[in-house]
Amino acid sequence: MNIGSVARTGVVALVSGVAGYSLQLPDQAPPGATAQGVETARAGSRSNSPPTSPLIALSSDGNVTLRVDQQPLEWVLEQIALQGGNVKATAMAAAIRPASAEPSCPKQTGAARIEPAKLLQEIERGSEEQRVHGLLEARSAGVFVPDGTLKTLFETDASERVRLHAFEAYLERQTGDNAALRRTLEAAALIPSAVIQREARTRLNELTDMERMDALFNQQAGS
């Protein structure tokens, strides 16, 4: 056998060995990789038919073997999450999802903007439900309702519910001034409304008890 034949034989053997080694690589699972991970990667490569045959394998020790080309990062993380049940990977995939992929929904801006003028109009001329709602809304949102409006409501309104809410709002402004509070309660106890009379008498009794306790405390402190 001449030198040329030997050289050709060596080249053929070398090419065959390299080809055989290359053909075996895709069938070998990475160290520690689960069969489910390899099968999932192969199924994904067949369904998506990417030109580079991506491989994503998650081993039992938590290590990941990746062989991907031109694949979205979101897809890669989702494949890892599917194999390992990894909540963190799923959250990362959701975090990097483009804003355009999110379903459109109106932005929540908290409570609706309150219009004081409209609220006062409801309190003065609205239906019973509107008046009650307006009084409650004004108290919670800090919208000022004139004292005259509140006094007219708890003295003359046709709705006992409106009267009571207006009366409570009116009394709140007299907190800290026991003398003015007592005068208001004594006058309210004469209004021809069972609800207002009962509330006024209850408040008067509470005020009397509180003043008696304050006097007793001051007497003991001074002795």
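The values are calculated or read from the model by the stated rules, or taken from the named source; none is laboratory data. Note that the structure is a prediction, hence the values are computed from the model and not measured. Note that each Cβ is placed from the backbone with ideal geometry, even for glycine, and that neighbours are counted across all protein chains shown.
With Glu186, Glu199 as the choices, which residue is within 18 Å of Ala158 (Cα to Cα), among the acidic types (Asp, Glu) and surrounded by 11 or more Cβ atoms within 10 Å (Cβ to Cβ)?
On the way: Glu186 fails: within 18 Å of Ala158 (Cα to Cα).
Going through Glu186, Glu199 in turn, the sole match is Glu199.
One residue is enough: does segment 196-210 have a residue meeting the conditions assigned to a helix (DSSP H, G or I) and in contact (Cβ under 8 Å) with a residue 40 or more places away in the chain? There is at least one residue in segment 196-210 that is assigned to a helix (DSSP H, G or I) and in contact (Cβ under 8 Å) with a residue 40 or more places away in the chain. Condition first: surrounded by fewer than 17 Cβ atoms within 10 Å (Cβ to Cβ) and assigned to a helix (DSSP H, G or I). Now tell me which residues in segment 150-160 satisfy that. The answer is Lys151, Thr152, Thr156, Glu160. Residues in segment 116-152 that are of a type in the set (A, V, I, L, M) and touching a Phe, Trp or Tyr at 6+ places or on another chain (Cβ under 8 Å): Ala138, Leu150.
Conditions tested, residue by residue: (1) of a type in the set (Asp, Glu); (2) touching a Leu at 6+ places or on another chain (Cβ under 9 Å); (3) modelled with pLDDT of 95 or more.
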{"position": "Cys105", "(1), (2), (3)": "no, no, no"}
{"position": "Gln108", "(1), (2), (3)": "no, no, no"}
{"position": "Ala112", "(1), (2), (3)": "no, no, no"}
{"position": "Glu128", "(1), (2), (3)": "yes, no, yes"}
{"position": "Leu136", "(1), (2), (3)": "no, no, yes"}
{"position": "Thr152", "(1), (2), (3)": "no, no, yes"}
{"position": "Thr156", "(1), (2), (3)": "no, no, yes"}
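Identify all residues within segment 112-152 that are touching a residue at least 24 places away in the same chain (Cβ under 8 Å) and touching an Asp or Glu at 6+ places or on another chain (Cβ under 8 Å); write none if there are none. If the condition is that a residue be touching a residue at least 24 places away in the same chain (Cβ under 8 Å) and touching an Asp or Glu at 6+ places or on another chain (Cβ under 8 Å), then Ile114, Leu119, Arg131, Arg139, Val143, Thr149 are the ones that fit.
Arg163 meets all of the listed conditions (1) in a helix (DSSP H, G or I); (2) of a type in the set (Lys, Arg); (3) within 33 Å of the chain's Cα centre (by Cα) but one, namely (3).
Considering every residue within segment 70-79, establish whether at least one is of a type in the set (Val, Ile, Thr), at pLDDT 65 or above, over 28 Å from Arg161 (Cα atoms) and assigned to a helix (DSSP H, G or I). Scanning segment 70-79, I find at least one residue that is of a type in the set (Val, Ile, Thr), at pLDDT 65 or above, over 28 Å from Arg161 (Cα atoms) and assigned to a helix (DSSP H, G or I), so the answer is yes.
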